[in-house]
Amino acid sequence: MKRQPGAPATVAPEAGSTLGLRPFSQVFAPFLCGMFAFIDLYCTQPLLPLLSRVFHASEAKVSLTISASTLGVAFSAGMLAIFAERVDRKKTIVGSMAALAICTLLTATATSLPVLAVWRLLQGVVTPGVFIITIAYVTEEWPALLVPRVMSFYVAGTVFGGFMGRMLGGLIAEEYGWRNVFVVLGIAGIVGAVLAQWLLRPARMRPAPARASSRLAPVLANLRNRRLFATFGIGFCMLFTLVATFSYITFHLSAAPFDLSTKQLSYLFAVYLCGLGTTLIAGTVLARVGLRHGMIAAIAACLTGATLTLAPSLLIVAAGLAIEASGVFVAQTCANSFLRDAAPAGSRVSAAGMYICSYYIGGTVGGILPGLFWKYGGWPGCVVMVIVILLVAGSAAIFGWRPRPAEPDPIPL
């Protein structure tokens, strides 16, 4: 946009400046959206050994309570990629948060493992309306150099929400039963929807109606975009890593020589708080060192952390989980921020939807495939599988995120 004669010049905020982040309540709003989107999604992870005993089911079958929700996210994200480019950002976020809270409350009524899996599937279906639109909202409402910082607040919210869901899930289930987990989280979700309605400012972007024939155009263009295609692959690998590790580590640590209880397993997810702090710091660092280098460093951290979980010491295992989780969350910040530059204006919601779709397909596969490796190789077999997936992600970042030679990126690569 050209500056009008006589108007003061607009100075772009620097990467380390807080000028463009004020008022801070506007930055807290994406944090809140991320938190309440993820507080339910993985709440059954510390409950898996308990659910296995309650429903007399195998490790692979109770892991469906994770895979069902991620499958729902993947399906819904695919639909949003096609139809949500023109939706009102704030109304969609708040409405999806309210729907998620209702589904969470109804999950407490499940009487069998298949019914529980169905409710978890429905939770997954409504969740992308929160975080896919939030990702698009952040990339559209802030300048390019501030996007990594604001995105780091959003990702920190998802980290904190994931931690709280897992922690509360284990603590509540140990004392009051697994059904009350969903009652408490459902009530919290309603409070979150009210807070989002109050804090989230209306989007400045006012989308115009689109013809039905043009809905697939951004999707097809995104598939032809080499940089976006690499990002989708990285997303698949990163959630595969997180779900595979934190789902099957619970079986490893609930058996000898660790013998952790459900309550003790929930405390283990406190390592997520390390990821929260790392993510907030990374938001500033990434704007200086570049997203490509940040992604490669994050994947290297994941490889280190996964290897450390093979140690016979619980302290070293916890350190490995903290390092791996931090790496995944920084990688998520890099990928989400990269969408702003790789996807042209007018196709960013579809790009975010496709990224989330591939991300949660990875999570779905990451909840099921490790069961085969666990059956024949135990925890070491699962770790080997995770390392292979991480090497694939690293290759995609190295070769797929090369800088464009024509002009420098708004966020230096």
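Please give the length that would be gained between Lys61 and Ala256 if that part of the chain were fully extended, namely 0.36 nm times their separation in residues minus their C-alpha to C-alpha distance (nm, one decimal).
Value of the extension gain: 68.0 nm.
Taking Cα pairs under 8 Å and at least six residues apart, what relative contact order does the chain come out at, in percent?
Working: 752 pairs, mean separation 110.6, N = 413.
Once divided by the residue count of the chain, the mean separation gives 27 percent.
Averaged per residue, what accessible surface does segment 117-273 expose to a 1.4 Å probe, in Å²?
On the way: 5770 Å² over 157 residues.
On a per-residue basis, segment 117-273 sits at 37 Å².
For Ala144 and Arg204 in one chain, what is 0.36 nm times their gap in residues minus the Cα-Cα distance, to one decimal in nm?
On the way: separation 60, 0.36 × 60 = 21.60 nm, distance 1.56 nm.
Length difference between fully extended and current span is 20.0 nm.
Rounded to a whole number, what % of the accessible area of segment 172-313 do carbon and sulfur atoms account for, probe 1.4 Å? Could you put the intermediate results ahead of the total?
Numbers: 4310 of 6420 Å².
Carbon plus sulfur share of accessible area: 67 percent.
Read phi for every residue in segment 146-153 and hand back ³J(HN,Hα) as whole Hz from Karplus 6.51 cos²θ - 1.76 cosθ + 1.60, θ = phi - 60°, with x for Gly and Pro.
My calculation for segment 146-153 gives 8, 4, x, 5, 5, 5, 5, 5 Hz in order.
Calculated from DSSP H runs of 4 or more alone, at -39500 (n - 2.57) each and per residue, what is the 222 nm mean residue ellipticity of the chain, nearest 500?
Working: 17 runs with 305 residues, N = 413.
Taken over the chain, the calculation gives -25000 deg cm²/dmol.
The values are calculated or read from the model by the stated rules, or taken from the named source; none is laboratory data. What you see is a predicted model, and the numbers here were worked out from it, not measured in a lab. What goes into the accessible areas is simple: the full protein's heavy atoms, side chains included, and nothing from ligands, DNA or RNA. Shrake-Rupley method; radii C 1.70, N 1.55, O 1.52, S 1.80 Å.
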